[in-house]
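Read through the structure below, which is laid out as structure tokens, and then see the notes.
The values are calculated or read from the model by the stated rules, or taken from the named source; none is laboratory data. These numbers come from a predicted model, not from an experiment. Here the Cβ positions follow ideal geometry from the backbone for every residue, glycine too, while neighbour counts run over all protein chains shown.
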Amino acid sequence: MDISIRGIQSPRMPLENALEYLSSLKVGDNEILVFPEKFITTRVNEDSLNKILESIKIKNTIILGSISYNERSLYNRSFLLHNGEIAGWQDKINLYRAESSKYTPGNTIKIFDIEGLRIGILVCYDLDFPDYPRYLFRNHCDIIFNPSLIRSDFHREWHLYVETRSLENRIPIISVNSISDDFQGDSIIVYPRSEEGGVRTNTVTSKSEDIVSSFNTSYYSDAREQRLNEENLMSGKVVFSEAKNIKQEHNNY
């Protein structure tokens with residue numbers, strides 16, 4: 001399946017500004033749009049979420065970054081929109097530092113099927129934990145979106161995580177950051193590329209402009225299936241053993 005991705009490195013803004021910003025979006029008809037984590041700084045409830053949906057005139061598939069959503073508890077929630085409606089959402093699971101005092105963690109990793117495209121969403125810090133992208137890989141996910149909010153002095157480590165998760169799971173990953181002062185964009189798209197003798201990664205980054213890429217997801221499916229078959233081949237055959245405390249014996253002479 002041919003897909004086009006546009007990561008929108010929007011500045012952080014309150015709800016009223018976001019409504020105006022979203023209403024003015026002009027993009028290609030078939031582009032999948034991805035926003036940063038918590039790019040809307042206002043806490044959102046059902047009423048204000050409806051205002052957001054009404055403000056978006058385009059019918060693209062949109063990963064609406066993540067927002068602070070009040071639903072009895074406060075969640076760091078990424079909404080997936082398709083044809084102007086909510087197709088689902090993914091809550092952030094591993095809350096980063098002070099987030100744990102504000103938000104309720106999610107407890108489910110979801111896969112969304114949008115017209116045959118299997119989508120996974122991992123919000124920012126969740127990508128750091130290898131079991132989550134591994135679950136998506138094992139369940140034949142085509143692509144992972146990673147709305148993020150990364151301080152500029154940690155961009156190197158962030159990019160390493162994205163590249164590593166893409167390579168080890170043979171899956172494209174799109175991670176989108178805000179261009180606001182403390183964060184400064186630098187969004188990244190990584191996708192694996194098979195060649196004779198192995199697999200490499202192609203990496204696209206953008207400091208301040210929208211980050212755009214197009215590719216065919218079927219190109220990676222063979223590499224993913226090969227990696228999955230290799231993993232399954234040894235499933236149940238490998239024993240994980242704790243190190244034993246071996247006392248050194250001293251010979252008496």
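Before moving on, here are some points about what is shown:
- Considering (1) surrounded by 20 or more Cβ atoms within 10 Å (Cβ to Cβ); (2) in a strand (DSSP E or B), the lone condition that ASN70 does not fulfil carries the number (1).
- Residue check for ILE62: at pLDDT 95 or above, closer than 20 Å to GLN9 by Cα, among the aliphatic types (A, V, I, L, M) and touching a strand residue (DSSP E or B) at 6+ places or on another chain (Cβ under 9 Å): yes
- Residues (in a strand (DSSP E or B) and either more than 22 Å from the chain's Cα centre (by Cα) or among the small types (Gly, Ala, Ser) (or both)) located in the range 192-236: SER194, GLU195, GLY198, SER206, SER213, SER214
- Residues (in contact (Cβ under 8 Å) with a residue 60 or more places away in the chain, polar (S, T, N, Q) and more than 28 Å from CYS141 (Cα to Cα)) located in the range 1-45: none
- Residue check: GLY185 meets all listed conditions (1) surrounded by fewer than 14 Cβ atoms within 10 Å (Cβ to Cβ); (2) within 30 Å of LYS26 (Cβ to Cβ) but one, namely (1).
- Exactly one residue out of ILE93, ILE58 is of a type outside the set (Phe, Trp, Tyr), assigned to a loop (DSSP other than H, G, I, E, B) and in contact with an Asp or Glu (Cβ under 6 Å, 6 or more places away or on another chain), and it is ILE93.
- Looking only at residues in the range 53-67 that are buried (at least 19 other Cβ atoms within 10 Å of the Cβ) and out of contact with any Cys (no Cβ under 9 Å at 6 or more places or on another chain), the one that is farthest from ILE143 (Cα to Cα) is ILE67.
- Top-ranked residue of the range 210-253 - restricted to ones that are surrounded by fewer than 12 Cβ atoms within 10 Å (Cβ to Cβ) and among the acidic types (Asp, Glu), ranked as modelled with the lowest pLDDT: GLU249
- Of all residues in the range 188-209, those being more than 23 Å from LYS38 (Cα to Cα) and buried (at least 18 other Cβ atoms within 10 Å of the Cβ) number 2.
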